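Below: the structure, in structure tokens.
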Amino acid sequence: MASTQKEIVLSGIRSTGNLHLGNYYGALRKFAALQDDYDCNFFIADLHALTTAPDPAALHANVKNVLAEYLAAGIDPEKATIFIQSDIPEISEMYLLLNMHVGIGELMRTASFKDKARKALGLTAPDDDDDGDFAREVCGNETNKRVNAGLLTYPTLMAVDILIQKATKVPVGKDQLQHLELTRRFARRFNSFYGVDFFPEPTDFDFGGAPVKVPGLDGSGKMGKSEGNCLYLTDDPKVLRKKVMRATTDEGPKAPDSPMSEPVANLFTLLELTSTPEVVKHFRDAYADCSIRYGDLKKQLAEDILKVTTPIRERALDIMADDAYLRRVVAQGAEKARARAADTLREVRHIMGIRGI
Ligand code: TYM
């Protein structure tokens, strides 16, 4: 089948640091698995990284880290288009145009915005029904703490990434589903406002399984860079073992078939992702009959995680040393991604009435 007839898959990861197990199981692992059967487009979201971490030296270094880790995890530039978001200037122009159809209110109600804005303002965790207070804090804050407009319009930029390539399948972790819902809403709104059938509505893509949320090791819900609880694909084995051995647990089950505390359930979630079904069953049985020793579980978990991460780490170190190759990969990717983006933008301008004299 010619590549133009294949369904278009697109996804990206922000260049805010090295990639962790959450990125791997939520996104990266699926990327490599899709590249034979789909028209795959994977990019490094450096513009999105600017919304929370505008540090020039770190941003520059992290674009290279993410690229090397994409390649080390098996994305093949001969099969998939790999590019840097900021290499496609058409994205920035379409972001401006699409923003004309996006409401401030719907952006302010987005969970990721509320979460990151709260962090930027140093506010504590939300009550369930505090939208009014939250809006007052964001708008009326007179300190020098600021919530930048780029953070608010993060979902517009993400929608543009997807829509400008006319992608229909978007492999992401669970935390990104609300952004995808907004993307579909913006696509529908654009189509109906201009009376066109122009943008397809993209869906998430998990090979039929449920979207994943990889937990942290500190008992908290999600592994994330800003939570400081990450196991990185490039962690040295010693460092990784130490992190796993320090994971939060509890005093252990006191009676057969006790319910699990969240930190212990999180360890089992990680075990299910990285170990064999036999190993998982062994520790589940041991938990159920109260013979479990968390130290043994952690040792096994660390070794099984290392089986996944070590080959990626070693390949990433090699690839990082080859700047000429890395440059070639993104130059070739940008050329392909720009061609399609330019076509879409040309049509969007025309539909919106930007047609010259
Ligand atoms: P980022 O960098 O925050 O996350 C990249 C990918 O990793 C997934 N992920 C997780 N999955 C499961 N468990 C976790 N603990 C975990 N932590 C991160 C995220 O769901 C995501 O798939 N906004 C996107 C970047 C982006 C994008 C796009 C994605 C920009 N434009 C267009 C798809 C299509 C993001 O979350 O990056």
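The values are calculated or read from the model by the stated rules, or taken from the named source; none is laboratory data. Just so you know, these numbers come straight off a predicted model, no measurement behind them. In this analysis, Cβ positions are derived from the backbone assuming ideal geometry, glycine residues included, and neighbour counts consider all displayed protein chains.
If you go through region 42-74 and keep only what is more than 14 Å from the ligand (Cβ to nearest atom), surrounded by 20 or more Cβ atoms within 10 Å (Cβ to Cβ) and over 14 Å from ARG327 (Cα atoms), you end up with just ALA72. Scanning region 160-196 for residues that are more than 11 Å from the ligand (Cβ to nearest atom) and within 14 Å of SER11 (Cβ to Cβ) yields a single hit, THR168. Scanning region 303-324 for residues that are of a type in the set (Ser, Thr, Tyr) and in contact with a Leu (Cβ under 8 Å, 6 or more places away or on another chain) turns up just one, THR309.
Right, ARG136: more than 16 Å from the ligand (Cβ to nearest atom), in contact with a Ser or Thr (Cβ under 8 Å, 6 or more places away or on another chain) and either assigned to a helix (DSSP H, G or I) or modelled with pLDDT of 90 or more (or both) or not?
Details: more than 16 Å from the ligand (Cβ to nearest atom): yes; in contact with a Ser or Thr (Cβ under 8 Å, 6 or more places away or on another chain): no; either assigned to a helix (DSSP H, G or I) or modelled with pLDDT of 90 or more (or both): yes.
It is false that ARG136 is more than 16 Å from the ligand (Cβ to nearest atom), in contact with a Ser or Thr (Cβ under 8 Å, 6 or more places away or on another chain) and either assigned to a helix (DSSP H, G or I) or modelled with pLDDT of 90 or more (or both).
Inside region 229-259, residues that are assigned to a loop (DSSP other than H, G, I, E, B) and either among the hydroxyl-bearing types (Ser, Thr, Tyr) or within 13 Å of the ligand (Cβ to nearest atom) (or both) make up a count of 8. Taking the criterion of being over 23 Å from SER86 (Cα atoms) and either of a type outside the set (Lys, Arg) or near the ligand (Cβ under 9 Å from one of its atoms) (or both), the residues of region 1-19 that qualify are MET1, ALA2, SER3, THR4, GLN5, GLU7.
Go through LYS166, LYS242, LYS254 for me and flag whichever is farther than 22 Å from ALA32 by Cβ and in contact with a Pro (Cβ under 8 Å, 6 or more places away or on another chain).
Details: LYS242 fails: in contact with a Pro (Cβ under 8 Å, 6 or more places away or on another chain); LYS254 fails: in contact with a Pro (Cβ under 8 Å, 6 or more places away or on another chain).
That would be LYS166, the only listed residue that is farther than 22 Å from ALA32 by Cβ and in contact with a Pro (Cβ under 8 Å, 6 or more places away or on another chain).
Screening VAL9 against (1) under 19 Å from the mean Cα position of the chain (by Cα); (2) farther than 16 Å from ILE162 by Cα leaves a single unmet condition, (2).
With respect to THR344, is the statement that it is surrounded by 13 or more Cβ atoms within 10 Å (Cβ to Cβ), closer than 30 Å to VAL280 by Cα and out of contact with any Asp or Glu (no Cβ under 6 Å at 6 or more places or on another chain) true? So THR344 does not fit the description; no. Does region 279-289 include one or more residues that are within 17 Å of the chain's Cα centre (by Cα) and surrounded by 15 or more Cβ atoms within 10 Å (Cβ to Cβ)? No, that holds for no residue. Among residues of region 139-154 being surrounded by fewer than 17 Cβ atoms within 10 Å (Cβ to Cβ) and not small (Gly, Ala, Ser), the one that is nearest to the ligand (Cβ to nearest atom) is ASN148. Within region 292-309, residues that are within 22 Å of TYR24 (Cα to Cα) sit with their Cβ atoms under 6 Å from residues that are surrounded by 16 or more Cβ atoms within 10 Å (Cβ to Cβ) and basic (Lys, Arg), at 6+ positions apart or across chains, in these pairs: ALA302/ARG241.
Taking LEU157, is it touching a helix residue (DSSP H, G or I) at 6+ places or on another chain (Cβ under 6 Å), within 11 Å of the ligand (Cβ to nearest atom), more than 16 Å from LEU21 (Cβ to Cβ) and not in a loop (DSSP other than H, G, I, E, B)?
yes
Based on this model, can you work out whether VAL160 counts as surrounded by 15 or more Cβ atoms within 10 Å (Cβ to Cβ), within 25 Å of ALA49 (Cβ to Cβ) and modelled with pLDDT under 95? It would help to see each step written out before you state the result.
Numbers: surrounded by 15 or more Cβ atoms within 10 Å (Cβ to Cβ): yes; within 25 Å of ALA49 (Cβ to Cβ): yes; modelled with pLDDT under 95: no.
For VAL160, the condition - surrounded by 15 or more Cβ atoms within 10 Å (Cβ to Cβ), within 25 Å of ALA49 (Cβ to Cβ) and modelled with pLDDT under 95 - is not met.
Picking from residues in region 81-119 that are buried (at least 19 other Cβ atoms within 10 Å of the Cβ), within 14 Å of the ligand (Cβ to nearest atom) and free of Cβ contacts under 8 Å to residues at least 60 places away in the same chain, the one that is nearest to THR52 (Cα to Cα) is PHE113.
All of (1) within 11 Å of the ligand (Cβ to nearest atom); (2) closer than 29 Å to LEU271 by Cα; (3) of a type outside the set (Val, Ile, Thr); (4) in contact with a helix residue (DSSP H, G or I) (Cβ under 9 Å, 6 or more places away or on another chain) hold for LYS30 with one exception: (4). Checking the stated criteria, VAL212 turns out to be near the ligand (Cβ under 10 Å from one of its atoms) and in contact with a Lys or Arg (Cβ under 7 Å, 6 or more places away or on another chain).
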